[in-house]
1. When you scan the stretch 199-209, do you find a residue that is among the basic types (Lys, Arg), modelled with pLDDT under 95 and either surrounded by 17 or more Cβ atoms within 10 Å (Cβ to Cβ) or not in a helix (DSSP H, G or I) (or both), even just one?
2. Within the stretch 219-274, which residues are closer than 30 Å to Val51 by Cβ, free of Cβ contacts under 8 Å to residues at least 60 places away in the same chain and either among the β-branched types (Val, Ile, Thr) or in contact with a Cys (Cβ under 8 Å, 6 or more places away or on another chain) (or both)?
3. In the stretch 220-265, what count of residues is obtained for those that are outside any loop (DSSP other than H, G, I, E, B), aliphatic (A, V, I, L, M) and over 19 Å from Thr191 (Cα atoms)?
4. Looking for whichever is at pLDDT below 90, over 30 Å from Asp86 (Cα atoms) and crowded, with 17+ Cβ neighbours inside 10 Å here; the options are Gln228, Gln219. Which one fits?
5. Within the stretch 1-82, which helices (runs of 4 or more DSSP H) (wholly inside it) include 3 or more residues that are modelled with pLDDT of 95 or more, under 22 Å from Val184 (Cα atoms) and touching a helix residue (DSSP H, G or I) at 6+ places or on another chain (Cβ under 8 Å)?
6. Could you tell me which numbered condition Leu129 fails, if it satisfies all but one of (1) among the aliphatic types (A, V, I, L, M); (2) assigned to a loop (DSSP other than H, G, I, E, B); (3) touching a His at 6+ places or on another chain (Cβ under 6 Å)?
7. If a residue must be modelled with pLDDT under 95 and either surrounded by fewer than 17 Cβ atoms within 10 Å (Cβ to Cβ) or of a type in the set (Ser, Thr, Tyr) (or both), how many such residues does the stretch 84-96 contain?
Amino acid sequence: MTPHDTQKVILITGTSSGFGLLTSARLASRGHFVYATMRDLAKQQPLLDEVTKRAGQVQVRELDVTKPATIKKVIDEIKNRHYHIDVLINNAGFGLGGFFEDLSEDEIRQQMEVNLFGVQNVCRQVIPLMRERKQGKIINLSSIAGQTASPCFSAYNASKWALEGFSESLHHEMKLFGIDVVLVEPGSYPTKIFFENARYGKNFDNSQSPYYALNQQLQKMTLDYVRQLKRDPQEVAALIENIINTKNPKLRYISNFSSWLHVFSRKILPESIYGYFLRRVLYGNKPNAL
């Protein structure tokens, strides 16, 4: 167990799978007081199994980032028991696949509702607790998709770019009160977000869509790429733990070198060159033809 004075009260959203599950289990095994939250408590067993395997303890609670009442209920419980929150990890989110014309307005709004407004909903209720103590860390799970963009993910890219802008502004605001705001930007990892938890626009599989052939091509290309990845999603959990233990963390952390290289190339290459190679890779030998 971690000595009592280094134990932290940690609230994490979106912990039924992926980075949220692994981060919760990792931090719980270090002796922290982890409140692992998810929308559907029926999906908690994989988390509990991982925590048990690591000989930790975790408090699993229901929380939907789009429903402020569920956020308040969890935070009130933490306040009554611990009086404060040391670390907030905003992990809940999803990726919506589909070309813009294949996405409905409601689908795009839901993407923003979870990935941006959901983060803001939780921050709005946690910040006062941290501000009173003039300390705390808010770690927002973004993506390299918050600094780069690709076809078929316009809604997801928009949500992550918005999250980046919000978090950077909040970073400067919270410095006034000794609170660190940090962005973690993973690249692609073989997690459920690409498989069981994948979401696509309602017209993604519509054979009448002008994008149908490209949808199928890009979906296969993406899944084939993810399946062959050797990256371990534990890297992201370890990075988050390191940030928690860092006294003055940076604003942005990219989780692996190849993802950093992708972002770096996007920044230094002329748009025409970067765009040409991106389309060549994604669309094949005829990047201007469907």
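1. Yes, there is a match, as at least one residue in the stretch 199-209 is among the basic types (Lys, Arg), modelled with pLDDT under 95 and either surrounded by 17 or more Cβ atoms within 10 Å (Cβ to Cβ) or not in a helix (DSSP H, G or I) (or both).
2. Across the stretch 219-274, the qualifying residues are Val226, Thr246.
3. 4
4. Going through Gln228, Gln219 in turn, just one is at pLDDT below 90, over 30 Å from Asp86 (Cα atoms) and crowded, with 17+ Cβ neighbours inside 10 Å: Gln219.
5. Ranges flagged: 18-29.
6. So Leu129 meets the others, but not (2).
7. 1
A quick yes/no check of all residues on (1) surrounded by 20 or more Cβ atoms within 10 Å (Cβ to Cβ); (2) basic (Lys, Arg); (3) within 14 Å of the chain's Cα centre (by Cα):
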residue: Gln125; (1), (2), (3): no, no, no
residue: Lys137; (1), (2), (3): yes, yes, no
residue: Asn140; (1), (2), (3): yes, no, yes
residue: Ser143; (1), (2), (3): yes, no, yes
residue: Cys152; (1), (2), (3): yes, no, no
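The values are calculated or read from the model by the stated rules, or taken from the named source; none is laboratory data. A quick note: this is a predicted structure, and the numbers were derived from the prediction, not measured. Cβ sites come from the backbone with ideal geometry, for glycine too, and all protein chains shown count toward neighbours.
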